[in-house]
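The values are calculated or read from the model by the stated rules, or taken from the named source; none is laboratory data. All values derive from a computational prediction rather than experimental measurement. Positions of Cβ are generated from backbone atoms using ideal geometry, with glycine treated the same way; all protein chains shown enter the neighbour counts. These area figures cover heavy atoms from the full protein model, side chains too; ligands, DNA and RNA do not enter into them. Shrake-Rupley method; radii C 1.70, N 1.55, O 1.52, S 1.80 Å.
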Amino acid sequence: MTLTLSALVASITLFVIAIFLGFELITKVPPTLHTPLMSGANAISGISIVGALMLANVQFQGTETSTAGWYAFVALILATINVVGGFAVTNRMLEMIAGKRKGGGEK
Amino acid sequence: MSPAIFDIGYLVSASLFIFGLKRLGHPRTAPQGNQLGAAGMLVAVITTVLLIALGGEGLHGIPWLMTGGVVIGSGIGLLIATRVQMTQMPEMVALLNGLGGAASALVALAEVTGRVQENHMPTSAVELSTVWIAIGLSALVGWSTLTGSLVAMAKLAGGISIFGRWIDTPSWGPPWLNQAKAGLTGAVLFLILLTMIFPTNMFLVWMIVILSCVLGVILVLPIGGADMPVVVSLLNSMSGLAAAFTGFILNNSVLIVAGSLVGASGLILTIIMCKAMNRDLYDVLFKSFGGGGGKQKLTRTKVGSDPDEVAMILEGAQNVIVVPGYGMAVSQCQHAVREFAEILREKYGTEVSYAIHPVAGRMPGHMNVLLAEASVPYEQQIEMDEINSQFATCDAVLVIGANDTTNPVARSGEGPLAGMPILDVEAAPAIIIVKRSLSVGYAGVDNDLFYLDKTMMLFGDGKDQMSALNQALKEA
């Protein structure tokens with residue numbers, strides 16, 4: 001599967017549009033939510049789990065193990081810690097902030 | 001099966017990330033936002049596994065190893081996420097962030113190593129330059145995010161323990177360091193160009209890895225501890241970017257979209273946080289904290305008070321403001337603080353509110369989380385701009401483990417705290433400060449507030465002093 005120029009341009013388009021979208025997505029955030037937002041976004045950046053999965057499969061061909069395969073395996077573990085730990089810890093923080101805020105009074 | 005079907009899975013996943021991030025920014029919808037993000041991740045993982053199994057490549061190799069990786073990672077992730085103390089939350093975010101950066105960088109390393117080992121070089125010039133530039137950039141951003149996050153983590157903790165010996169994290173920033181950062185970045189970019197000419201040369205790749213690691217360390221090392229939240233947020237943005245670059249390596253849409261979303265929104269959040277602290281991002285990154293970062297020597301003394309005296313001052317108070325800081329987090333006395341407020345309310349009908357400085361603690365929102373844990377209603381936690389005018393009209397202020405955020409010297413325009421907005425505690429008619437000693441805060445500056453005649457110091461551990469004070473109040 002060779003990468004064509006048009007596929008590359010499509011990828012770059014995606015990259016640029018997603019960056020603009022990211023800039024617009026976050027506008028005003030109350031300080032209370034700075035840490036949870038950072039932590040939640042951080043969990044999403046663990047998306048490299050997808051890359052690690054793909055490479056762990058490609059690099060462990062047959063029964064032979066390769067150096068590259070082990071890099072991918074370590075990447076998979078680290079990315080999973082990032083994803084699972086990130087969402088879990090964000091959830092815990094948000095439960096503490098929002099869960100006990102009874103009876104509204106919300107701005 | 002056509003690969004286009006899997007792209008739809010990635011599209012769903014990317015949409016979930018977008019909605020998730022959007023909702024994380026509003027108090028009411030934040031928990032749902034987090035769940036949407038997690039759902040997006042699940043969709044992305046399932047789609048990838050299906051793509052591998054059905055979409056041409058086939059699940060060859062060792063599926064149990066992949067399963068094993070996910071199980072081990074989930075186990076460790078869940079364990080630390082549930083065990084971590086709320087006080088250590090900032091360090092936790094920094095650590096997770098570093099791991100994310102490392103994962104992206106390792107994916108890049110695995111790709112280049114695998115291609116070189118199997119002599120599987122791209123056939124077209126477009127593919128070669130795209131893949132090799134992306135591998136280089138992913139390594140640069142990923143490895144420096146890892147080492148930078150680890151330094152930030154050590155700085156947030158104040159030091160690290162190596163073989164049982166506690167070593168304080170140094171703040172070291174000679175004037176030439178900015179040139180060194182620029183030089184290193186330039187060197188890495190040049191190495192990336194070289195890898196395109198010599199794509200099979202692994203020495204160049206390892207040079208990129210090493211230089212990027214050094215870059216991450218010297219990027220964070222000179223930055224003062226009070227600015228660490230901003231740095232962690234910036235590193236978060238960088239780890240997103242690293243993931244986006246791995247998307248270019250693997251030609252995978254969801255990696256590109258999710259990575260650049262986090263990269264951009266992380267940068268915006270960094271700027272928002274800088275504004276809340278009245279700091280400029282450029283100053284944070286490139287102007288190191290006052291020279292050697294030496295702490296001021298104390299020359300003055302102050303006689304401590306005892307809880308009974310303080311209880312007398314509080315008699316009949318109608319309006320009391322509590323100013324919590326990192327000390328409250330360390331001594332875990334938020335429950336005692338809430339009890340203090342309850343006793344006052346029952347005895348004198350006192351109205352107690354909590355003044356939250358945007359950077360109190362080690363991370364924005366740190367105090368809100370702790371107070372929420374102690375069931376303090378959200379409406380009583382008031383942000384700085386709103387409460388500052390009320391200090392002059394209240395009866396007393398209780399400062400619990402806060403220092404720099406109340407230091408009037410910030411207004412003088414000199415020293416490390418210059419220009420930082422502070423809580424106007426000075427204006428209050430009576431000030432009670434619970435603190436271990438007169439020692440300086442994170443910024444290393446003495447606090448005039450301690451020496452005022454209207455200030456009463458309760459020296460000691462926050463929890464001990466608060467329970468003693470609560471006892472004295474009950475008996476008064």
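Peptides B:111-120, B:243-252, ordered by how many other C-beta atoms sit within 10 Å of their residues on average, highest first, read B:243-252, B:111-120. Once the Cα-Cα distance is subtracted from the 0.36 nm per residue extended length, the B:D280 to B:W176 segment shows a gain of 35.4 nm.
Across segment B:445-457, rounded Karplus estimates of 3J(HN,Hα) from the backbone phi angles (6.51 cos²θ - 1.76 cosθ + 1.60, θ = phi - 60°) give 10, 5, 10, 4, 3, 5, 9, 5, 5, 7, 9, 10, 9 Hz, Gly and Pro being marked x.
Within straight-line reach of B:K463, meaning a Cα separation under 14 Å, sit the following aspartates and glutamates at least 8 residues removed in sequence or on another chain: B:E339. Taken residue by residue and averaged, Cβ atoms of other chains lying within 10 Å of the Cβ of A:6-19 number 6. Of the beta bridges in chain B, as assigned by DSSP with both residues counted there, near 15 percent are antiparallel. Buried between B and A is an accessible area of approximately 9000 Å², summed over both sides with a 1.4 Å probe. Scoring B:450-462, B:378-390 by mean Cβ neighbours within 10 Å over their residues and listing the highest first yields B:450-462, B:378-390.
Bridge orientation summary for the protein assembly as shown: considering DSSP beta bridges with both residues in this region, about 15 percent are antiparallel. Residue by residue along B:32-39, Cβ atoms of other protein chains within 10 Å of the local Cβ number 6 on average.
Just order B:391-401, B:345-355 by mean Cβ neighbour count inside 10 Å, highest at the front, would you?
Details: B:391-401: 21.9, B:345-355: 17.6.
Listed from highest to lowest mean packing, they are B:391-401, B:345-355.
Can you give the FRET efficiency to the nearest 0.05 for B:L128 and A:I17, using r as the Cβ-Cβ distance and R₀ = 30 Å?
0.70
With a probe of 1.4 Å, find how much accessible area chain B has per residue, and write the answer as a whole number in Å². Write out the running numbers ahead of the final one.
Working: 18880 Å² over 476 residues.
Per-residue value: 40 Å².
Modelled spin-label separation between B:D453 and B:Q32, with each label point placed 7 Å from Cα along the Cα-to-Cβ direction: 5.7 nm.
Using a 1.4 Å probe on the protein heavy atoms, what percent of the accessible area of chain B belongs to carbon and sulfur? Ligands and nucleic acids excluded, carbon and sulfur give 63 percent. Within segment A:29-44, the residues that become at least 40 Å² less accessible when every protein chain is included than when their own chain is isolated (1.4 Å probe; DNA, RNA and ligands ignored) are A:P31, A:T32, A:L33, A:H34, A:T35, A:L37, A:M38, A:A41, A:N42, A:I44.
Between A:A10 and B:L50, the simple label model (points 7 Å from Cα in the Cβ direction) yields a spacing of 1.9 nm.
Which helices pass in chain B if a helix is a full DSSP H run, must span at least 15 angstrom along its long axis by Cα, and must have mean Kyte-Doolittle hydropathy not below 1.6? Spell out each step's value before the answer.
Working: long enough: B:3-24 (32 Å, 1.26); B:30-54 (36 Å, 1.47); B:63-83 (30 Å, 1.23); B:89-117 (41 Å, 0.94); B:125-157 (48 Å, 1.38); B:177-197 (30 Å, 1.57); B:202-220 (28 Å, 2.98); B:228-250 (33 Å, 1.66); B:253-276 (34 Å, 1.98); B:334-348 (21 Å, -0.83); B:462-475 (20 Å, -0.96).
Sorted by number, the helices that extend far enough and score high enough are B:202-220, B:228-250, B:253-276.
Taking the helices alone, chain B has a mean residue ellipticity at 222 nm of -19500 deg cm²/dmol, built from -39,500 (n - 2.57) per DSSP H run of at least 4 residues and averaged over all its residues. For the segment B:79-85, counting C-beta atoms of other chains within 10 Å of every residue's C-beta and taking the mean gives 4. Applying the Karplus relation 6.51 cos²θ - 1.76 cosθ + 1.60 with θ = phi - 60° to segment B:406-412 yields 3J(HN,Hα) values of 10, 6, x, 4, 4, 7, 6 Hz, where x marks Gly and Pro.
Amide H contacts of B:V322: B:S353, B:Y354, B:A355, B:L398, each under 5 Å away and 5 or more positions distant or on a separate chain (H built 1.01 Å from N in the peptide plane; Pro and chain starts excluded).
Our estimate of slack between B:L79 and B:L194, defined as 0.36 nm per intervening residue step minus the Cα-Cα distance, is 37.1 nm.
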